[in-house]
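Q: Here's a structure for you.
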Amino acid sequence: MPERIRVLIVDDHAMVRRGMRDFLDLHDDLDVVGEAGDGLAALDATEALRPDVVVMDLMLPGLDGIAATAELKARYPAVEVVAITSFIEEDRITAAIEAGASGFLLKDAEADDLAAAIRAAHTGEVYLDPAVAGIVARRMRTRGGPPNGDRRADAALRQLTARERDVLACVAQGLSNRAIADELGMAERTARTHVSNILAKLGLTSRTQAALFAVEHRIERMP
């Protein structure tokens, strides 16, 4: 049997949680290990259950989904977060990605998209709803300024080796660690190590952040 992906569902509506659980339970590779109804409960459940992926509603009572995502990633950096929301709000989308979400879905997405987003997050891929991806791309284009114009970004980029820049360019293309390894002729473990080093050097917490950083600063493979 293949390894099952451990999933925690976080939403303040019990019926929504039940619907997601019922759907995900149909997939042999997905194992819903628990549910939580607010941000603080999500942190407690993550500590107790150690899921691989947390499906996080952003509109939660008390500690909201963005703050919960940031705290969760600070405590458990290996746990991936797929953010979901009912509304397209550019600031909220950007905040969730900056908090460390590895994927972003609208609640009206197809059920299969949720399973795909969970699998993508677990394998280190970036998964954005098409509408969200469009917003993010526009935001990157409208920030203005020349490429690599931010001094702190320049300093961070200078810390990267040529190989790490190549890996970062692959991350921007949405490639998983396995695909990066195949593309660059290295072991998957080496690719994973490079990604971890890149996140540390750039002060980022997720591959989604790294991908957006690479797009914003026009990182390309070395010739």
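The values are calculated or read from the model by the stated rules, or taken from the named source; none is laboratory data. Computed from a predicted structure; not experimentally measured. Here the Cβ positions follow ideal geometry from the backbone for every residue, glycine too, while neighbour counts run over all protein chains shown. When the accessible area is computed, the model is the full protein with side chains, heavy atoms only, and any ligands, DNA or RNA have been set aside. Shrake-Rupley method; radii C 1.70, N 1.55, O 1.52, S 1.80 Å.
Q: Within the stretch 200-221, does at least one residue satisfy the condition of being free of Cβ contacts under 8 Å to residues at least 12 places away in the same chain, in contact with a Pro (Cβ under 9 Å, 6 or more places away or on another chain) and either under 25 Å from residue 73 (Cα atoms) or small (Gly, Ala, Ser) (or both)?
A: Within the stretch 200-221, none of the residues are free of Cβ contacts under 8 Å to residues at least 12 places away in the same chain, in contact with a Pro (Cβ under 9 Å, 6 or more places away or on another chain) and either under 25 Å from residue 73 (Cα atoms) or small (Gly, Ala, Ser) (or both).
Q: Looking only at residues in the stretch 142-154 that are surrounded by 10 or more Cβ atoms within 10 Å (Cβ to Cβ) and part of a helix (DSSP H, G or I), which one is modelled with the highest pLDDT?
A: By that ranking, first place goes to 154.
Q: Which of the following residues is of a type in the set (Asp, Glu) and not in a helix (DSSP H, G or I): 47, 3, 98, 71?
A: None of the other options fit; the residue is 3.
Q: On to the next question. Checking residue 191 against (1) out of contact with any Leu (no Cβ under 6 Å at 6 or more places or on another chain); (2) under 19 Å from residue 154 (Cα atoms); (3) modelled with pLDDT of 90 or more; (4) surrounded by 22 or more Cβ atoms within 10 Å (Cβ to Cβ), which single condition isn't satisfied?
A: (2)
For every residue, the table says whether it meets (1) more than 15 Å from the chain's Cα centre (by Cα); (2) assigned to a helix (DSSP H, G or I); (3) on the phi > 0 side of the Ramachandran plot; (4) touching a residue at least 60 places away in the same chain (Cβ under 8 Å).
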{"residue": "12", "(1), (2), (3), (4)": "yes, no, no, no"}
{"residue": "26", "(1), (2), (3), (4)": "yes, no, no, no"}
{"residue": "42", "(1), (2), (3), (4)": "yes, yes, no, no"}
{"residue": "60", "(1), (2), (3), (4)": "yes, no, no, no"}
{"residue": "78", "(1), (2), (3), (4)": "no, no, no, no"}
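Q: Does the stretch 51-65 hold any residues that are open to solvent by 30 Å² or more (accessible area, probe 1.4 Å) and in contact with a Lys or Arg (Cβ under 7 Å, 6 or more places away or on another chain), and which are they?
A: Passing the criteria: only 52.
Q: Would you confirm whether or not the stretch 102-120 contains a residue that is in a loop (DSSP other than H, G, I, E, B) and crowded, with 21+ Cβ neighbours inside 10 Å?
A: Yes: the stretch 102-120 contains one or more residues that are in a loop (DSSP other than H, G, I, E, B) and crowded, with 21+ Cβ neighbours inside 10 Å.
Residue by residue, here is whether (1) hydrophobic (A, V, I, L, M, F, W, C); (2) modelled with pLDDT of 80 or more holds:
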| position | (1), (2) |
| --- | --- |
| 110 | no, yes |
| 123 | no, yes |
| 134 | no, no |
| 157 | yes, yes |
| 165 | no, yes |
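Q: Here is a follow-up. Kindly provide the set of residues from the stretch 96-108 that are modelled with pLDDT under 85 and of a type in the set (A, V, I, L, M), ordered by number.
A: 97
Q: Identify, please: which residue in the stretch 167-188 is at pLDDT below 90 and in a loop (DSSP other than H, G, I, E, B) and is, among those, nearest to residue 215 (Cα to Cα)?
A: Once the filter is applied, the top-ranked residue is 173.
Q: Further, regarding this structure: Out of the residues in the stretch 80-95 meeting the condition of being of a type in the set (A, V, I, L, M, F, W, C) and surrounded by 20 or more Cβ atoms within 10 Å (Cβ to Cβ), tell me which one is nearest to residue 46 (Cα to Cα).
A: Ranking the candidates gives 81 first.
Q: Let me ask something else. Here are some conditions: (1) hydrophobic (A, V, I, L, M, F, W, C); (2) open to solvent by less than 60 Å² (accessible area, probe 1.4 Å); (3) in a helix (DSSP H, G or I); (4) within 21 Å of residue 76 (Cβ to Cβ). Residue 16 meets all but one. Which one does it not meet?
A: The single condition residue 16 does not satisfy is (4).
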